[in-house]
1. For the stretch B:220-293, just list the percent of Cα-Cα distances falling in each 10 Å bin from zero outward, please.
2. Please calculate the 1.4 Å probe accessible area of A:SER86, with all protein chains present, and give it to the nearest 10 Å².
3. What residues of the stretch A:191-232 lie in the reach of a label at A:GLN241, counting those whose backbone N is under 11 Å from a point 7 Å from the Cα along Cα→Cβ?
4. Where is the GNM fluctuation largest for chain B (alpha-carbon springs, 10 angstrom cutoff): B:ALA251, B:ALA228, B:ALA24?
5. At most 11 other Cβ atoms within 10 Å and a DSSP loop assignment: could you name the GluC sites (Glu not before Pro) in the stretch B:279-329 that fit?
6. Can you compute the charge dipole magnitude of chain B about its Cα centre, using +1 on each Lys and Arg Cβ and -1 on each Asp and Glu Cβ, nothing else charged? Give it in debye, rounded to the nearest 20.
7. If you filter the stretch B:264-344 for trypsin sites (Lys or Arg not before Pro), then keep DSSP loop positions with at most 12 other Cβ within 10 Å, what is left?
8. If you count the DSSP beta bridges with both ends in the protein assembly as shown, what percent of them are antiparallel, to the nearest 5?
Protein chains: 2
Amino acid sequence: MKTKATSLDIAYQAGVSQSTVSRALRNSPLVNEETRKKIHALAKELNYKVDKNASNLRSQHTGTLALLLFEDPTSDDSMINPFFLSMLGCITRAAAKNGYDLLVSFQQLSEDWHADYEDASKADGLILLGYGDYVDYEDKLKQLNEQETHFVRYGTIEEGQTGVSLGCDNFSGGYQMTQHLISLGYQTFAFLGGADEHCPEFKDRYLGHCKALREANIKIVPHNQIDAISTEGSGFSAANQLIQQHNLPEAVFCASDMIAVGALTAFQKQGINVPKQVALAGFDDIQVAHLTSPELTTMQQNTKLAAEVLVESLIKKIHDLPVESALIPAKLIIRESCGGKPNG
Amino acid sequence: MKTKATSLDIAYQAGVSQSTVSRALRNSPLVNEETRKKIHALAKELNYKVDKNASNLRSQHTGTLALLLFEDPTSDDSMINPFFLSMLGCITRAAAKNGYDLLVSFQQLSEDWHADYEDASKADGLILLGYGDYVDYEDKLKQLNEQETHFVRYGTIEEGQTGVSLGCDNFSGGYQMTQHLISLGYQTFAFLGGADEHCPEFKDRYLGHCKALREANIKIVPHNQIDAISTEGSGFSAANQLIQQHNLPEAVFCASDMIAVGALTAFQKQGINVPKQVALAGFDDIQVAHLTSPELTTMQQNTKLAAEVLVESLIKKIHDLPVESALIPAKLIIRESCGGKPNG
DNA sequence: CTGAAAGCGCTTACAG
DNA sequence: CTGAAAGCGCTTACAG
């Protein structure tokens, strides 16, 4: 085994003290330009890198962010929700852009996630991501807060909730989509997706949906709201249940694209044409949304922006700057699955 | 700011030495069962976690793996290749299963990736992932090897290559798929995807394709191999180029599903029916493959297994155990896009 | 601008 | 089974 170079080796070869090497490497203005250059050259030559554990231990911060991804326990073990996977990609980029490393961890198993990362000095702060049932997590979030652990979560904003939450404007998204469907002339509706406090983002989408319906004097049919989690299989089942109820509505708004994709298959298997016999809309604008046939009309979440806001807010929290919860607007993407004229 | 509990705090409260606390917390058999329990209880009460930086520094290993994801520089900035995103998910799981944390990093920018992680004691080893142009990287890999940095890469296996490589059996995959197409009665073929040393996995798929063709005495038409990288847009362009060449072949084998998805759109825009007028096959079996219409016949990569092998091999390397390069078989998934009878 | 010294919070020989 | 002590490789007051 080769032995790794340390700052002492460099100090020895440069004929300066170890402190000076440390300063030079961090480009402290306290160091003479020439010695600084000499030391940098030597470091490069010896393939020296500052030991992160040592510097973290000494300076008491890590320069890394931990992303904790909560998965729907019911979802297929091998598959991660594509929306979160894409968020993960954007967050990694955003973290790198801000000079932080990113530790990624799936959290369906560990019970101790609320403490494992920042408390163990693995990360300076946590990003919580997932269609998590924050009702269940609330206690742990409280505990995080008491321990002064820095965290931000991606999700809904609620009265009196613990910590900072960044999220998509689900209510307005549900509202906009429904208005669009109404403007297309549809009169009867269904909503596929859980709508209670255990799936708060879906609930907000549903509430926005209902608001648009009420404004247009369209009756809300309670049994046309059918629970589903964000998987194809769940969307498939929910759509089949809807079909069996008879009186198929003219338009079906799904709480997520994954649900919509499953519903699309269900309709097509029953010989029900989308959009001619039923209009179908999703939410998220994941990649598959424009690859189905018909292409899916949906509300686009701006994952890149969301990731940046998440990372930047967390960094602010780490530096004890004030951060507010905030909503990120969703954008209506009109394609083929609802009839009307596609705009993109 | 609250001050974090240290092992000394626990030692004080438990009335033992700090060494004993350290031992107890790592469940050393050297510690009396009762004191062990007392210390664990105290740790929980005080919300104590072992400081990773301190323990890593002292023990000289990190318990984390770094995943370096090389992206096709030409691909859309906001979008990560879905195949690698799914690998990422599986690798995170596999790392967790083996008790390691995972540091994730995209590497299109940094020049120093070959040293940044293990040398800085951020990780015990590196996983290299991406349709990377390993021709360009070879020098850096050599350097990694010289520094005795532990790494494994996901990719092709080549004569005299540096380090351990795990990958899909692309050659056999290309061969199998082509045999399947031939068995369906197709006589003329195109291959969409780069086939030179800069995209070694595509090249192997192409070589397997050619072997099957030769065995069936089917002429290989060089201008029917059209370069493409693994994006929809590139697949779209390649298919359009093929269409403009006239004499559309009966079957088009795409080097990846993303290419196939783009090609499908191109064919459909030109009113060319898939599979009636042209059969279309992909590779990877990414999620969208079964959502297109017609559903895509493809070669499935076993991402879960690949991730586990990758992680386990790297861990072996870290422990200086011998590791061999290995190929993971791909599986033919017959759906609709090539005609014939779907099997699943 | 530079150096000597302390100390971050652990793990691990060493001695008992 | 337990404790006292050294030391991992840095950063950072402190003194000059």
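1. Histogramming the stretch B:220-293 at 10 Å steps yields 21, 60, 18, 0 percent.
2. 40
3. A:192-195, A:223-229
4. Per the Cα network of chain B with a 10 Å cutoff, B:ALA24 tops the list.
5. Details: sites: B:GLU295, B:GLU308, B:GLU312, B:GLU324; in loops: B:GLU295, B:GLU324.
Listed in order of number, the matching sites are B:GLU324.
6. Numbers: 30 positive and 42 negative charges, 303 e Å.
The calculated dipole for chain B is roughly 1460 debye.
7. B:LYS276
8. Of the beta bridges lying entirely in the protein assembly as shown, close to 10 percent run antiparallel.
The values are calculated or read from the model by the stated rules, or taken from the named source; none is laboratory data. Every value quoted in this text rests on a predicted model; they were computed, and no experiment measured them. With ideal geometry, Cβ positions are generated from the backbone for all residues, glycine too; neighbour counts draw on all protein chains shown. The protein model used for the area step is the full one, side chains on, heavy atoms only, and it has no ligands, DNA or RNA in it. Shrake-Rupley method; radii C 1.70, N 1.55, O 1.52, S 1.80 Å.
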